[in-house]
Structures are given as structure tokens and as C-alpha cells.
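Undergrad: Right, I'll just put the structure down here and ask away after.
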Amino acid sequence: MTLTTNRTNRRRALTITALIAAAVIVVVLALTALNRGAVAGTSAGGTGGHGVDRINVTSTEGKPVTVPWERPTVLYFMASWCFTCVPQAEAMKELEAEYADQAQFVAVDVTPENTKTEVDSFRELAGFPGHPYVVDQTGQLSTKYEITSLDSTVVIAPDGEILARADAQPMETQALRAFLDKTLP
């Protein structure tokens, strides 16, 4: 009976140890994914300001995108495989012309290995918005704006100040309009 009890206790201890090790691995991988980049692509100065750290990236269409820009920049952090991200992407498409004089919209795919084809599939679901989509391949944008979840929106002033943020809050058209009306100058 003692031998059986010892075996049961050892198995239980091994199982608990294995579960703890698996949890630690998951946490480490998640933190690595969220903090995967450096700010090597930042440059000081640039358009419309002095001493502002700007990040220069390339859209999936091959065009340069600078964050922040000469107008407020609305960054929407999403992933092409994220179906809860589609409604806000559709809302941004619907509102981009209405806010064109007030802000630059940029959708940021946080999955670094995503390709133009994958992003274009998502853009198709959103109705092919006109604003740029970028893949945050180095994690620069996610790191700089401390993104920890999808469906996050950050509005940045031309001087680099964060005007507002909505973390893990997917917004459909009316909610996004209210958010932008409250936020944009």
C-alpha cells in the first residue's frame, strides 16, 4: 500500500511539474511574441516636428508609412487571422473618407510572418479599405505603443503624444466615430 501511495504521489508531482513547465513556456512565448522587436527602425525628426521618434515602415502595397505623421495617426492593431477584427476594419473603411482631413488611418498586422496575400485576404473581408496596412515584422509599433492584445486602437498626435487608446475594444462604425470625435482635434 505504501508503494502504491508513493507512486501516486510521484505521478501527481510529475504531472503538476509538467503543467507548471508548460504554463511557463506559454507565458515566455507570449511575452516573446509581444516584445519581439527593437526600435531600430525609428528615426528622429521627419515630417512635421522636431525630435519626435518616428517609425518608418512599408505598407503591404510597397508604399512608405511614417508613424506618427503630419496629422494624427489612428493605428488599429489586428491580425489577418482575427475574425473579431473584421468589424472595426470595416468601420475604418467606412469612416476613412469622412476623417481624411483629420487623421491618417493605418491598420497594423501584429503577426510578423504574415504575407501580403494573407493581409489582402483580410482586406477583402473588410471591403478593401484605402488606408495602408502594414505588417509589424519587427514589433516596433507593437512595442512602442505597448500593445498587448488585438482589436486595440491608438491615436497618436503628430508630436508623438498618445491622444487616446482603446485596448482590446473592437469598435463598429458608430462606436469608432464617437471615439474619433472625442479624440481628434
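The values are calculated or read from the model by the stated rules, or taken from the named source; none is laboratory data. These numbers were taken from a predicted model, which means no experiment stands behind them. For neighbour counting, all protein chains shown are included, and Cβ atoms are generated from backbone atoms with ideal geometry for every residue, glycine included.
Undergrad: Give me the residue from region 73-91 that is within 14 Å of His131 (Cα to Cα) and over 15 Å from the mean Cα position of the chain (by Cα) and, out of that set, surrounded by the fewest Cβ atoms within 10 Å (Cβ to Cβ).
TA: The selected residue is Glu90.
Undergrad: Scan region 100-114 for residues that are of a type in the set (Asp, Glu) and modelled with pLDDT of 95 or more and jot them down.
TA: Matches in region 100-114: Asp109 only.
Undergrad: Run down Ala33, Ala22 and say which single residue is small (Gly, Ala, Ser), touching a Gly at 6+ places or on another chain (Cβ under 9 Å) and either modelled with pLDDT of 80 or more or surrounded by fewer than 17 Cβ atoms within 10 Å (Cβ to Cβ) (or both).
TA: Only one candidate qualifies: Ala33.
Undergrad: Let me ask you something else. Taking region 158-185, which residues are small (Gly, Ala, Ser) and either buried (at least 18 other Cβ atoms within 10 Å of the Cβ) or touching a helix residue (DSSP H, G or I) at 6+ places or on another chain (Cβ under 9 Å) (or both)?
TA: Result: Ala164, Ala166, Ala175.
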